[in-house]
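The values are calculated or read from the model by the stated rules, or taken from the named source; none is laboratory data. In this text, all values refer to a predicted model and were calculated from it rather than measured experimentally. Here Cβ is always computed from backbone atoms with ideal geometry, including for glycine, and neighbour counts include all displayed protein chains.
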Amino acid sequence: MLNSARQWKHFAAMLAIGDGVMAIIHPTNDAEAWAAGPEWWNRSMRFFKRCPTLTRLIGAAQIAGGIWWALSNETPASPNGSEEQHDLEGAGFS
């Protein structure tokens, strides 16, 4: 279970990166996978399905944004490694 805001942000970054990779690999499938919801949304997804290059560009932006967001939420480790020790203790390892 995700308990902290940091974990949720990391999870959201992973989703953005993964969806971006899928958009680059197979843009029409990626657009089709998101085609559910209100009609205006479905029209948008049909547009992206017809424009695979644009879908790939948006996918690349998702990857870059997801990586940036994940790294911007990281806590810098201290020189003595106390951050890593704290992370291990919080996970049940002492």
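Filter the stretch 1-42 down to residues that are part of a helix (DSSP H, G or I) and of a type in the set (S, T, N, Q) and give me whichever is nearest to Gly66 (Cα to Cα). Ranking the qualifying residues of the stretch 1-42, first place goes to Gln7. Of the set (1) modelled with pLDDT under 70; (2) touching a helix residue (DSSP H, G or I) at 6+ places or on another chain (Cβ under 8 Å); (3) under 18 Å from His10 (Cα atoms), all apply to Ala70 but (1). Look at Arg43 and say whether it is loosely packed, with under 12 Cβ neighbours inside 10 Å and of a type in the set (D, E, K, R). Considered against the rule, which asks whether it is loosely packed, with under 12 Cβ neighbours inside 10 Å and of a type in the set (D, E, K, R), Arg43 comes out as yes.
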